[in-house]
Amino acid sequence: MSLLVAEGLTYVYPGGVPALDHVDLAVARGRRLAVLGPNGAGKTTLLLHLNGTLRPSAGRILLDGAPVAWDRAGLVAWRRRVGLVLQDADDQLFAPTVFEDVSFGPLNLGLARDEAEARVREALEALDIADLADRPTHMLSFGQKKRAAIAGAVAMRPEILLLDEPTAGLDARSARRLLATLEALEAAGATLVFTTHDVVLAHRFAHDAVLFQDGRIVGHGPARDLLRDAAAMDRAGLDAVEA
Amino acid sequence: MTPIDRIAATNRWRGRPLVEKALLGLGLLALALALPPWPAAPAILVVATLVVTRGAGVPLATWAKILAAPLGFVLTGAATLIVTVGDHGVALAPGGLAAASALTLRATAAIAGLLTLTLTTPATDLVAALRRVGVPAEIVEIALLTHRFLLVAGDTAQSMNAAQAARLGHVDWKRRIRSTGMLAANLLPRTLDRAHRLEQGLAARGWTGASLAVLRPEPPVSIRRLAAILALLVALALFGCLVP
Ligand SMILES: Nc1ncnc2c1ncn2[C@@H]1O[C@H](COP(=O)(O)OP(=O)(O)OP(=O)(O)O)[C@@H](O)[C@H]1O
Ligand SMILES: [Mg+2]
């Protein structure tokens, strides 16, 4: 059974910009899912629906087969299981230092001080930024901020980790290093869903892929086949991976 | 980010317990204000300089530059003590020079004392400490968020400014004023948008509108160090009272 399922999601931003149009999607446990599409296709909007940040005007979302609720208790339970890392790390980091920022999620889980601290150390270790623990969040490089933001979500040990363009703006080697880190997290039990503009990376890294265009899904399937399918990729305005 | 913020965030004493730094900094400030300026003020200045350069590891030149900045105001204020305006126009005030140098010494020592605290402790640590003296958590959290937003808005303003300059928005005065006005008008919606997304990011990590609690590492306070600082302050006080 799929871990997270979206059925017929439709969303129009206030002001009348249509962003999602009857989107169906299934996230299977342990299968990395890449979401691809041109700028403005609706990728970010989709991720914001998958952890309840935005509420669809039509459609429903199932977690482990049970429909989710958007009331306070429902959202709390939902976000314990589904973590989200925003596109821009500056939108996520708010505390004076990296350590303090990463501790925010674990404390919201209601963990005791010691346990929260252990979670923070573990997440910083996993993201390879233990040496940055006491650094002010404002004095980090772009890539370091990105890692700090991901650590903030990882410290909550979510079952599903939604990442909005995790490798955008990273140099090739840092991107590879980050992917290796994510793979390790996956081995520890998290299912990864990420958006990206890097078709080659998605082809190499993802198990499944969905193609977005104008708020609609125009293709889905195993990444290996789909991203090499020139016709399907063209429907999403993307270039296929060379065989 | 100002140079003071930067130093506060990176100096060697950053991780020291706030109680120690506050006792030293506020103690030096109090002594500078209470004791006769000669010879206490120079002594305080020497102690502050040693603390900041040898202790916290701030380069001497940087320390001199930071200390010199407020000195301009002090000197301007002191200058007015030297002269007096009487029936015969402007004249040297009797005892004016002594009063002016006493004021300059005292103010410099006071600033130096306080700077030992502000240069070694990030503003956010100081604000967070307000909770321990009874300020409600909500107010402290708002202050911390405001601080964060000022930094981010400052960066945004800086890059917008650079982008305008790159497109020749600053070539003459008229255009510069126009560009700056547009920047200011744009900064608010941009910052609000940012705040909205920050809220989404916080919610994603389980925030439900209650406290923005984070784990703040609290280094153990050493009684020995506190005693040493207290001894230093007492020695300075005795020196300042007895030597003149
Ligand atoms: N806050 C908002 N208010 C109104 N419209 C929005 C808002 N955010 C996004 N949109 C619109 O919704 C549509 C989908 O945007 P979304 O950010 O989901 O795209 P995306 O696929 O993530 O794009 P990108 O690759 O550039 O990040 C776009 O037409 C966009 O203009
Ligand atoms: Mg996006």
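Looking at region A:132-145, can you tell me whether even one residue there is more than 20 Å from the chain's Cα centre (by Cα) and of a type in the set (D, E, K, R)? Steps first, please.
Of region A:132-145, the ones more than 20 Å from the chain's Cα centre (by Cα) are A:132-141.
Subset that is of a type in the set (D, E, K, R): A:134-135.
Yes; the residues of region A:132-145 include at least one that is more than 20 Å from the chain's Cα centre (by Cα) and of a type in the set (D, E, K, R).
Return a yes/no flag: does region A:166-178 have any residue that is of a type outside the set (Asp, Glu) and within 13 Å of chain B (Cβ to nearest Cβ).
Step one: list which residues in region A:166-178 are of a type outside the set (Asp, Glu), which gives A:166-170, A:172-178.
Subsequent filtering for residues that are within 13 Å of chain B (Cβ to nearest Cβ) retains none.
Within region A:166-178, none of the residues are of a type outside the set (Asp, Glu) and within 13 Å of chain B (Cβ to nearest Cβ).
Please enumerate the residues belonging to region A:26-43 that are surrounded by fewer than 17 Cβ atoms within 10 Å (Cβ to Cβ) and closer than 14 Å to A:Val199 by Cα. Reasoning before the result, please.
Filtering region A:26-43 for residues surrounded by fewer than 17 Cβ atoms within 10 Å (Cβ to Cβ) gives A:28-30, A:38-40.
The answer is A:Pro38, A:Asn39.
Please go through region B:73-100 and give me each residue that is small (Gly, Ala, Ser) and farther than 21 Å from B:Ile111 by Cβ, ordered by number. Don't jump to the end; show me each part of the working.
Taking region B:73-100 as the starting set, the residues that turn out to be small (Gly, Ala, Ser) are B:77-79, B:86, B:89, B:91, B:93, B:95-96, B:98-100.
Listed by number, the residues that qualify are B:Gly86, B:Gly89, B:Ala91, B:Ala93, B:Gly95, B:Gly96.
Is there any pair linking a residue in region B:197-222 that is within 7 Å of chain A (Cβ to nearest Cβ) to one that is at pLDDT below 80 and surrounded by fewer than 16 Cβ atoms within 10 Å (Cβ to Cβ), with Cβ under 9 Å and at least six apart or on different chains, and which?
Matching pairs, first to second residue: B:Ala203/B:Gly209.
Residues of region A:86-96 being within 8 Å of chain B (Cβ to nearest Cβ) and not in a loop (DSSP other than H, G, I, E, B), which ones?
A:Asp90, A:Asp91
Out of B:Thr49, B:Thr62, I need the residue that is over 26 Å from B:Leu226 (Cα atoms) and of a type in the set (S, T, N, Q). Which one? Full working, then the answer.
Numbers: B:Thr49 fails: over 26 Å from B:Leu226 (Cα atoms).
Checking each option against the conditions leaves just B:Thr62.
Applying the selection to region A:165-195, what residues are open to solvent by 70 Å² or more (accessible area, probe 1.4 Å) and more than 18 Å from A:Phe142 (Cα to Cα)?
Within region A:165-195, A:Glu183, A:Ala187, A:Ala188 qualify.
Filter region B:193-244 down to residues that are more than 29 Å from B:Pro36 (Cα to Cα), outside any helix (DSSP H, G or I) and of a type in the set (A, V, I, L, M, F, W, C), then give me how many there are.
7
Tell me whether region A:27-46 contains one or more residues that are away from ligand 2 (no atom under 13 Å from the Cβ), hydrophobic (A, V, I, L, M, F, W, C), without any contact (Cβ under 8 Å) to a residue 60 or more places away in the chain and more than 23 Å from A:Gln92 (Cα to Cα).
Of region A:27-46, the ones away from ligand 2 (no atom under 13 Å from the Cβ) are A:27-34.
Restricting the remaining residues to those that are hydrophobic (A, V, I, L, M, F, W, C) gives A:27-28, A:33-34.
Filter once more, keeping what is without any contact (Cβ under 8 Å) to a residue 60 or more places away in the chain: none.
No - not one qualifying residue is present in region A:27-46.
So for region B:81-97 (the condition being more than 14 Å from chain A (Cβ to nearest Cβ), open to solvent by 20 Å² or more (accessible area, probe 1.4 Å) and within 27 Å of B:Gly15 (Cβ to Cβ)), does at least one residue qualify?
The answer is no, given that none of the residues of region B:81-97 is more than 14 Å from chain A (Cβ to nearest Cβ), open to solvent by 20 Å² or more (accessible area, probe 1.4 Å) and within 27 Å of B:Gly15 (Cβ to Cβ).
Out of the residues in region A:100-154 that are of a type in the set (S, T, N, Q) and within 12 Å of chain B (Cβ to nearest Cβ), state the one that is most open to solvent (accessible area, probe 1.4 Å). Lay out the reasoning, then the answer.
Restricting attention to region A:100-154, the residues satisfying the condition of being of a type in the set (S, T, N, Q) are A:103, A:108, A:137, A:141, A:144.
So of that shortlist, the ones also within 12 Å of chain B (Cβ to nearest Cβ) come out as A:103, A:108, A:137.
Working: A:Ser103: 0, A:Asn108: 45, A:Thr137: 3 Å².
Ranking the qualifying residues of region A:100-154, first place goes to A:Asn108.
Here is a list of conditions, (1) open to solvent by less than 10 Å² (accessible area, probe 1.4 Å); (2) within 28 Å of A:Val5 (Cβ to Cβ), and A:Ala66 meets all of them except one; can you say which number that is?
(1)
Consider only pairs whose beta carbons are under 6 Å apart and that are at least six residues apart or on different chains; among these, list those whose first residue lies in region A:87-104 and is charged (D, E, K, R) and whose second residue is within 16 Å of ligand 1 (Cβ to nearest atom).
A:Asp91/B:Arg197; A:Asp91/B:Leu198; A:Asp91/B:Gly201
Taking the residues in region A:47-63 that are open to solvent by less than 10 Å² (accessible area, probe 1.4 Å) and under 21 Å from A:Glu165 (Cα atoms) as candidates, determine which candidate is farthest from ligand 2 (Cβ to nearest atom).
We begin by selecting, within region A:47-63, every residue open to solvent by less than 10 Å² (accessible area, probe 1.4 Å); these are A:47, A:49-52, A:61.
Then drop every residue that is not under 21 Å from A:Glu165 (Cα atoms), which leaves A:47, A:49-52.
Numbers: A:Leu47: 8, A:His49: 13, A:Leu50: 13, A:Asn51: 15, A:Gly52: 18 Å.
Among residues in region A:47-63 that are open to solvent by less than 10 Å² (accessible area, probe 1.4 Å) and under 21 Å from A:Glu165 (Cα atoms), the one farthest from ligand 2 (Cβ to nearest atom) is A:Gly52.
Assuming A:Arg55 fulfils every condition listed in (1) within 14 Å of chain B (Cβ to nearest Cβ); (2) outside any loop (DSSP other than H, G, I, E, B); (3) more than 23 Å from A:Leu185 (Cα to Cα) apart from one, which condition is it?
Evaluating A:Arg55 over (1) within 14 Å of chain B (Cβ to nearest Cβ); (2) outside any loop (DSSP other than H, G, I, E, B); (3) more than 23 Å from A:Leu185 (Cα to Cα) leaves (2) as the failure.
For region A:180-218, what are the residues that are at positive phi and of a type outside the set (Asp, Glu)?
Going residue by residue through region A:180-218, those that are at positive phi are A:189, A:214-215.
Within region A:180-218, A:Gly189, A:Gly215 meet the criteria.
Does region B:1-56 hold any residues that are closer than 20 Å to B:Pro217 by Cα, part of a helix (DSSP H, G or I) and aliphatic (A, V, I, L, M), and which are they?
Result: B:Ile7, B:Ala8, B:Ala9, B:Leu18, B:Val19, B:Ala22, B:Leu23.
The values are calculated or read from the model by the stated rules, or taken from the named source; none is laboratory data. Note that this is a predicted model, so its numbers are computed, not measured. Positions of Cβ are generated from backbone atoms using ideal geometry, with glycine treated the same way; all protein chains shown enter the neighbour counts. Note: accessible area is taken over every heavy atom of the protein model, side chains too, but ligands, DNA and RNA are not part of it. Shrake-Rupley method; radii C 1.70, N 1.55, O 1.52, S 1.80 Å.
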